[in-house]
Amino acid sequence: MNALSAHAMFTVATTELRRRLRSRSALVTAFLAPLGLAVVFGTMLSNTEASTFDIGIVDAGGSALSAGVTDELVSFDEQASDEQEGSIVFTVVGSEALAEEQIDDGTIGAAIVVGATGEILVLKSPDRPISAQVGESIGYSIGGSLQTGLTEPTPLATAPLGGRPLNVMAYYGASMAGLLLFFTVGTAARSMLEDRDNSTLPRMLSGPTNVGSILSGKVLAAATLGALGFVVVWIITTAAFGATWGSPAGVILMIIGTVAAIGGVSLFIGGLTRTPQQAESAQSVVGFMLALIGGAFVPPTDTPATLRTLSRFSPNGLSLQGFSALNADNAGIRDLFPTLVGLVVFGLVFGGVGLQLSKRSVQI
Amino acid sequence: MSSTVLEVQGLAKKFGDRTAVNELSFHVDAGETFGLLGPNGSGKTTTMSMIAGILGADSGSIRVGGQPVGPTQHGAKGQIGLVPQDIALYEDLTTRENLDFFGRLQNMDGARRKARIEQVLEIVGLRDRADDRVDEYSGGMKRRANIAVGLLHEPSLLILDEPTVGVDPQSRNQILDSVEHLGQSGLSVIYTTHYMEEAERLCDRVGILDHGSLLAVGSQRELVSRVGQEDRIVVSGVFTDQTEIAVGEVMTLDGVRSVDVTSVGLELNVSDASAILVAALAALSPHGEVQGVEIREPNLEAVFLSLTGRALRD
Ligand SMILES: Nc1ncnc2c1ncn2[C@@H]1O[C@H](COP(=O)(O)OP(=O)(O)OP(=O)(O)O)[C@@H](O)[C@H]1O
Ligand SMILES: [Mg+2]
């Protein structure tokens, strides 16, 4: 009788939801907290540099080609402007040295330096990571198209981002919603430990139910609230702040994948902890760390290569990779497949181990 | 001979180096109320948890209705109803919601669950408060709701782990009444307590547990006679300088074994208190003023004292 019972899982999940609705904690985790986050980030990002990406262009080559590229960039400016009101502002800067100066004093966030033969160098501001990111992606994409057009393809064409710049609001929306998941889904393990302490768990186990089914039910309830919270962030950033997350079907799949991965990790943490308080603080610490590694605060493209690699081993990193692909590359569901598989595997491995660990930690 | 509902053989459990339960063997017959009497930390809850199949034993066997019980052996679980020592309820739900939840986990189907919820609410006397949240209950009501859940799936063996802890005398009486009733209705009950009056009132047989070991098992009468306890007549009064004479006088009576002089009077150890009482008082009254008299028949407290050298509640 070690099999999970769907009936027990469902019974535990619905009761858990009922209790959380009654205590209003469900309202907070699934609605108010995500709403607050979306509004705060939406307002912050639409009123700061995020809405205007100041990018300098340096015609360093002085050739006909480099002048042409500069023109092309300006026309890109116009295209982009049509799509997203006034989001990218290009300024022609006299020299590379001048561009560095302007980056230092914050006038521009990045500079695209065009060489005589069309080689592209992107200077990035450490203080304006988002403009830097946008500058870099535009630089790469122009460089890529130039290279393919003129000579044979070069590795420069491996632009991390495609035709349109990463939508910052969608990026941070997904990242914050992912961080929030640690707290929401983490409540499952905590609730389990509380049940152990107040004897409701022993009482459940005195019937024909096992720990796995009970914990799975609790995770199901918490994950439902977590997914709802994610959807709230998605809807609010889109409807109120004009974020573009990409294909809705893709977003929904990514939300499910992210909830699965983070749910697994928080089950794992829950399995390692012995008291509800421990579970809660461990979830926050690990949540913040994985979010940090995953690029929730600074996009991984702006961080050193080792951290970028590391970010793939964070569920948040994997998740953000998928969301970025959706919103910047207009990726389809097929393109998301590897990321989704990665997320689900992440969830299953950590969740499976966590479930085993929990059997011990709830020992009466 | 009545059939055996629970058979415990050589049951043992250690937590680290501490032996919580040591080689317990006992049985409970159908329809019997069996008491496990022991002080704090004697291993009552540990034993109950193993019988309920939520805690694995280190060694020994438990059979309920002939089927083995353990954390991975679910065969007999439907026959066992556990009422944990703590209030094992969601306090933010109503009693009816709690009953419904635990009933579902017992795989009770809708109609049976509904009907049975009404029955158990009736048994514990909570029908009119069934739709109130448990955290709005008094301590005694919580205790009764706790019992209701244990009864829900119609177990043949009810495990009550100190069901009257922390309740006022009135609620306690109410709970004892219900348990008495359940016992009379044919349910087999294991009742743990460290109140000997409860064990005396409710239990057909009692096991005396101390430091994880069963020191003795039997009916109250058997236990008492086994430790050779006698009735006592406690006489309080003033015998002043005539105490010696008074003692000498009662000692001549047939059936008086010994007399102790205490700070408040005399204590007579006798073979049959009620048979000798009148004669004893008649012998004493010329030598002083008798202010009160009390008969103490040997009880489980005395048995415990005699077996362990300690009082039950230290
Ligand atoms: N989970 C545990 N871990 C370690 N020791 C334990 C655990 N549970 C019980 N014990 C120990 O086992 C012994 C028996 O405890 P148990 O709870 O069974 O006693 P009890 O008779 O129910 O006491 P009480 O009347 O206080 O409820 C005690 O010494 C206790 O400290
Ligand atoms: Mg106990």
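Given a 1.4 Å probe and the protein chains as shown, A:W245 ends up with an accessible area of around 10 Å².
The fraction of Cα-Cα pairs per 10 angstrom bin, counted from 0 for the protein assembly as shown, comes to 3, 13, 17, 15, 12, 10, 9, 7, 5, 4, 2, 1, 1, 0 percent, rounded to whole percents.
Projected label points at B:Q9 and A:L4, each 7 Å from Cα along the beta carbon direction, are separated by 3.8 nanometres. Residues B:H27, B:H287, ordered by accessible area of protein heavy atoms at a 1.4 angstrom probe radius and largest first, appear as B:H27, B:H287.
Surface exposure of chain B, expressed per residue as accessible area with a 1.4 Å probe, stands at 43 Å². Taking amide H positions as modeled 1.01 Å from N, with prolines and chain starts lacking one, the residues under 5 Å from B:E32 and 5 or more places away or on another chain are B:V189. Buried surface between chains B and A: roughly 2400 Å² of accessible area, summed over both sides, computed with a 1.4 Å probe on protein heavy atoms only. Residues whose amide H lies under 5 Å from that of A:G294, counting only those 5 or more places away or on a different chain, are A:G317; hydrogens are built 1.01 Å from N in the peptide plane. Figure legend: label point modelled 7 angstrom from the Cα of B:S236 along Cα→Cβ; residues of segment B:249-266 with amide N under 19 Å from it are B:260-266. The 3J(HN,Hα) values that the Karplus relation (6.51, -1.76, 1.60; θ = phi - 60°) gives for segment A:283-296 are, in residue order, 4, 5, 4, 5, x, 5, 5, 5, 5, 5, 4, x, x, 5 Hz. Gly and Pro appear as x.
Computed over chain B with a Gaussian network model linking Cα atoms closer than 10 Å, the most mobile of B:D132, B:D168, B:D254 is B:D254. Note on surface exposure: B:E97, B:E297, B:E7 rank B:E297, B:E7, B:E97 by accessible area, highest first, 1.4 Å probe. Across chain B, the relative contact order, built from alpha-carbon pairs under 8 Å that are at least six residues apart, equals 20 percent. Fully extending the segment from B:E289 to B:H181 would add 34.4 nm, taking 0.36 nm per residue of separation and subtracting the current Cα-Cα distance.
Rg/Rh, computed from the Cα trace of chain B with Rh as the Kirkwood radius, has the value 1.08.
Ordered from highest to lowest accessible area with the whole protein assembly present and a 1.4 Å probe, A:F268, A:F288, A:F230 read as A:F288, A:F268, A:F230. In the complete set of protein chains, residue-level accessible area for B:M50 is approximately 0 Å², probe 1.4 angstrom.
For segment B:63-171, the square roots of the Cα gyration tensor eigenvalues, ordered a ≥ b ≥ c, give a/c of at least 1.5 with a/b no greater than b/c, which places it in the oblate category. Take each residue of peptide B:74-81, count the partner chain Cβ atoms within 10 Å of its Cβ, and average: the result is 2.
For the pair segment B:228-254 / segment B:56-107, the C-alpha centres are spaced 54 Å from each other. Taking 15 Å as the cut-off, the amide N atoms of segment B:271-300 that come nearer than this to a point 7 Å along the Cα-to-beta-carbon line of B:T252 belong to B:279-287. Using just the helices of chain B, give the 222 nm mean residue ellipticity in deg cm²/dmol: DSSP H runs with n ≥ 4 each add -39,500 (n - 2.57), and the total is spread over all residues, rounded to 500. Using -39500 (n - 2.57) per qualifying helix, the result is -10000 deg cm²/dmol.
FRET efficiency for the pair B:S138 and A:V92, taken as 1/(1 + (r/R0)^6) with r the Cβ-Cβ distance and R0 = 60 Å, rounds to 0.15. Give me the count of lysine pairs in the protein assembly as shown whose alpha carbons sit under 21 angstrom apart, restricted to pairs 8 or more positions apart or on different chains. Counting lysine pairs in the protein assembly as shown gives 10. Under the convention that each Lys and Arg Cβ holds +1 and each Asp and Glu Cβ holds -1, the size of the dipole of the protein assembly as shown around its Cα centre is about 1720 debye. Site pair A:F288 and A:I235 shows an inter-label distance of 3.1 nm when each label is modelled 7 Å from Cα along Cα→Cβ. Using Cβ point charges alone (K and R +1, D and E -1), the dipole size of segment B:4-225 about the Cα centre works out to roughly 440 debye.
The values are calculated or read from the model by the stated rules, or taken from the named source; none is laboratory data. Keep in mind the model is a prediction, meaning the values are calculated, not measured. Quick reminder, even Gly has a Cβ in these numbers, built from the backbone with ideal geometry, and neighbours come from all protein chains shown. These accessible areas exclude ligands, DNA and RNA; they are computed on the full protein's heavy atoms, side chains included. Shrake-Rupley method; radii C 1.70, N 1.55, O 1.52, S 1.80 Å.
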